[in-house]
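Student: I'd like to ask some things about the structure below.
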Amino acid sequence: MMPASGSSRQTLQAIWGAVRAIPRGRVTTYGAVAQRAGLPGRARLVGYALKVAPAKLQLPWHRVVAAGGRIAFPLASPQFAEQQRRLRAEGIKLAKGKVVREPALNLDELLWKTR
DNA sequence: GTTGTGACATTAT
DNA sequence: CATAATGCCACAA
């Protein structure tokens, strides 16, 4: 049996699939994507997977942010600007490099509804 | 083989 | 708020 992990093609595809499933106007985190892809604890691999993802896949990579809603790129980088632009284009509010989110009031709000 | 780096996360200080 | 320590692991050198 092939181990369920490694950096096999299959693993990358699992990650790409999870990212592709993020609905418009919503954001999620690297860790959450990893989990949905069946790779708990491997958030870093998600970052790698996105970096090497073929542009052809048209992945909504901008909907993936770091823990706390923070954009993972350096504040001054062009990538940061691009991600912020794309998120705002979907109606997601940002401030200081983070996705603005109301304080969680209940369990429902605890999931990334962004509003 | 070892080391350093990185689109990360969590916990502790 | 900022660092540091861990855990995680693919990849390049």
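Student: Cβ contacts < 9 Å: first residue more than 9 Å from DNA strand C (Cβ to nearest atom), restricted to the stretch A:21-44; second residue of a type in the set (Val, Ile, Thr) and in a loop (DSSP other than H, G, I, E, B), any location; separation 6+ or different chain. Result?
Tutor: A:Gly25/A:Ile92; A:Gly25/A:Thr114; A:Arg26/A:Ile92; A:Arg26/A:Thr114; A:Val27/A:Ile92; A:Val27/A:Thr114; A:Thr28/A:Ile22; A:Val33/A:Ile22
Student: Also, I was wondering about something else. Within the stretch A:71-99, how many residues are in contact (Cβ under 8 Å) with a residue 12 or more places away in the chain, surrounded by 12 or more Cβ atoms within 10 Å (Cβ to Cβ) and not basic (Lys, Arg)?
Tutor: 12
Student: Go through (1) farther than 14 Å from A:Ile15 by Cβ; (2) assigned to a loop (DSSP other than H, G, I, E, B) for A:Lys56 and report which single condition fails.
Tutor: (2)
Student: Hey, can you tell me all the residues within the stretch A:3-46 that are buried (at least 19 other Cβ atoms within 10 Å of the Cβ), in a loop (DSSP other than H, G, I, E, B) and out of contact with any Leu (no Cβ under 8 Å at 6 or more places or on another chain)?
Tutor: Once the filter is applied, which keeps residues that are buried (at least 19 other Cβ atoms within 10 Å of the Cβ), in a loop (DSSP other than H, G, I, E, B) and out of contact with any Leu (no Cβ under 8 Å at 6 or more places or on another chain), the stretch A:3-46 yields A:Ile22, A:Ala37, A:Arg42.
Student: Then there is this: Looking at the stretch A:59-70, which of the residues that are in a helix (DSSP H, G or I), crowded, with 17+ Cβ neighbours inside 10 Å and not basic (Lys, Arg) is farthest from DNA strand C (Cβ to nearest atom)?
Tutor: A:His62
Residues are listed down the side, and each one gets a yes or a no for (1) among the hydroxyl-bearing types (Ser, Thr, Tyr); (2) in contact with a Pro (Cβ under 7 Å, 6 or more places away or on another chain); (3) modelled with pLDDT of 95 or more; (4) over 17 Å from A:Gly31 (Cβ atoms):
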{"residue": "A:Val52", "(1), (2), (3), (4)": "no, no, yes, yes"}
{"residue": "A:Lys56", "(1), (2), (3), (4)": "no, no, yes, yes"}
{"residue": "A:Trp61", "(1), (2), (3), (4)": "no, no, yes, no"}
{"residue": "A:Val65", "(1), (2), (3), (4)": "no, no, yes, no"}
{"residue": "A:Gly68", "(1), (2), (3), (4)": "no, no, no, no"}
{"residue": "A:Ala72", "(1), (2), (3), (4)": "no, no, yes, no"}
{"residue": "A:Leu75", "(1), (2), (3), (4)": "no, no, no, yes"}
{"residue": "A:Gln79", "(1), (2), (3), (4)": "no, no, yes, yes"}
{"residue": "A:Arg86", "(1), (2), (3), (4)": "no, no, yes, yes"}
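The values are calculated or read from the model by the stated rules, or taken from the named source; none is laboratory data. These numbers come from a predicted model, not from an experiment. Here Cβ is always computed from backbone atoms with ideal geometry, including for glycine, and neighbour counts include all displayed protein chains.
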